[in-house]
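Heads up, the thing below is written out as structure tokens.
The values are calculated or read from the model by the stated rules, or taken from the named source; none is laboratory data. Since the structure is predicted, the reported quantities are computational estimates derived from the model, not experimental observations. When we count neighbours, we look across all protein chains shown, and the Cβ atoms used for this are built from the backbone with ideal geometry, even at glycine. Surface areas here come from the heavy atoms of the whole protein model, side chains and all, with no ligands, DNA or RNA. Shrake-Rupley method; radii C 1.70, N 1.55, O 1.52, S 1.80 Å.
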Amino acid sequence: MDLSELERDNTGRCRLNSPVPSVCRKEPCVLGVDEAGRGPVLGPMVYAIFYCPLSRLADLEALKVADSKTLSESERDRLFGKMEEDGDFVGWALDVLSPNLISTSMLGRVKYNLNSLSHDTATGLVQYALDQGVKVAQVFVDTVGPPETYQERLQQHFPGVEVTVKAKADALYPVVSAASICAKVARDKAVKNWKFVEKLQDLDTDYGSGYPNDPKTKAWLREHVDPVFGFPQFVRFSWRTAQSILEKEAEDVTWEDSQTGHQEGLRRIKSYFSEGPRARLPHRYFQERGLESATIL
């Protein structure tokens, strides 16, 4: 799996994919969707789709794929290698979402929570397969949130496709198991080969599991927090674990209030029609950022 595109720029998102087998453009296909790295405070989240013709599903089952969480790293790598060898009838695609993208989405002025980000990413990957000419007939998805709501949303988006959303789908459907292996192999490789854009001295790459409740991960976070600039972009700074460490270890920041102050109370409607000069407050956007009109250039 070539992650060189991600290694060149790991600040946003990137899509990786295998070639589309010609048979997948001719025969009805089954497609599975799963992710890896939804919960960790470190590293990217990877969404994956995996597909093959319905007529070759038995060949996929013969590979003995399973939920990636039940497999060792070496077993996942071996199975991914086998799936790559079967590239004449199977295909996959990935969407790798950086920690920076996840956190800035969640903390933006317009909130974009992790569930919505996950749903939209999965929908985008299914659409990508269709745009590539894959004859998708069935889709199986490991749920995020209530499966009934998620399934209804996907079914409305893809009315010509039979959609099934289940909890633990990666343990129930081989095509979802295969997607989970693709996602996990990609995330493990991305974390292991992460290129830090920050110039960090004495960088310790023993992060632990990356999950918020891992003592080794917490220790790594405390060790690599800058008192002014916070965490490197490898960290999802929107996670509560990261925020708690920032509150304890980083410097406090005090924002100066705008000189115009805040409008106190609500004005009566008649006041807008009264004669005489009236001070005009700047738009809230400028007040919140402490911006003022420049009088001298």
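Observations on the structure shown:
- With both labels modelled 7 Å from their Cα along Cα-to-Cβ, the Thr123 to Phe196 distance reads 3.8 nm.
- Shape class for the stretch 170-216, computed from the alpha carbon gyration tensor (a ≥ b ≥ c): oblate, with a/c not under 1.5 and a/b at or below b/c.
- Global form of the stretch 1-103, assessed from the alpha-carbon gyration tensor, a/c cut-off 1.5: prolate
- Contour minus Cα-Cα distance for Lys168 and Glu249 (0.36 nm per residue): 25.3 nm
- According to the Cα-based calculation, Rg over Rh for the stretch 71-159 is 1.02, with Rh computed by the Kirkwood formula.
- Given (i) 44, 27, 16; (ii) 36, 31, 15; (iii) 26, 23, 18, the label whose value is semi-axes √(5λ) of the Cα gyration tensor in Å derived from this model: (i)
- Relative to the longest principal axis of the Cα atoms of the chain, the long axis of helix 73-85 makes an angle of roughly 70 degrees.
- Proximal lysines relative to Lys166, as straight alpha-carbon distance under 25 Å, when same-chain residues fewer than 8 apart are discounted: Lys64, Lys69, Lys135, Lys184
- Arg240 contributes an accessible area of around 130 Å² to the protein surface, as traced by a 1.4 Å probe with all chains present.
- Summing +1 for each Lys or Arg and -1 for each Asp or Glu among the other residues whose beta-carbon sits under 10 angstrom from that of Tyr128 gives -1.
- Angle in degrees between helix 240-249 and the longest Cα principal axis of the chain, rounded to the nearest 10: 40 degrees
- Dipole in debye (nearest 20) - the chain, about Cα centre, beta carbon charges: Lys, Arg +1; Asp, Glu -1: 900 debye
- Estimated inter-spin distance, Lys111 and Ala62, nm [label 7 Å along Cα→Cβ]: 5.1 nm
- Short-range pairs are left out: with C-alpha atoms under 8 Å and at least six residues apart, the relative contact order of the chain is 25 percent.
- Pairs spanning more than 20 Å between alpha-carbon atoms, out of Lys82/Lys195; Lys218/Lys248; Lys192/Lys216: Lys82/Lys195.
- Label-point separation, Asp206 to Lys69 (7 Å along Cα→Cβ), nm: 2.7 nm
- Carbon/sulfur fraction of accessible area - the chain, other protein chains in place, 1.4 Å, %: 50 percent
- Fraction of the pair-distance distribution of the stretch 118-236 above 24 Å, Cα-Cα pairs, percent: 46 percent
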